[in-house]
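Okay, structure first, notes after.
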Amino acid sequence: MPSALDTPQEAAELAESLLPPLGNRWLHTQAVAARAREVSAAVPEDERDLLVSAA
């Protein structure tokens, strides 16, 4: 079933809409997603977007 979190871009847009009022949580989320992108080569290619979206 498709959701609003199917791609890293969709997940980022949702997080950006919800987290800025919470101070540093948005910055932390962005940093975690960036790190997930850096290490995504460690998982199968078809699961890389899921890793970044989850981050």
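So, in segment 23-36, exactly how many residues are in contact with a helix residue (DSSP H, G or I) (Cβ under 7 Å, 6 or more places away or on another chain) and modelled with pLDDT of 95 or more?
Looking only at segment 23-36, we keep the residues that are in contact with a helix residue (DSSP H, G or I) (Cβ under 7 Å, 6 or more places away or on another chain), and these are 26, 29, 33, 36.
In the following step, the residues that additionally are modelled with pLDDT of 95 or more were identified as 36.
Selection size over segment 23-36: 1.
If we scan segment 30-38, do we find a residue that is open to solvent by 60 Å² or more (accessible area, probe 1.4 Å), touching a Pro at 6+ places or on another chain (Cβ under 9 Å) and of a type in the set (Lys, Arg)?
yes
The values are calculated or read from the model by the stated rules, or taken from the named source; none is laboratory data. Fair warning: this is a prediction, and the values are worked out from it, not measured in the lab. Don't worry about glycine lacking a Cβ; one is built from the backbone with ideal geometry, like all the others, and counts go over all protein chains shown. Keep in mind that these areas ignore ligands, DNA and RNA; they rest on the heavy atoms of the full protein, side chains included. Shrake-Rupley method; radii C 1.70, N 1.55, O 1.52, S 1.80 Å.
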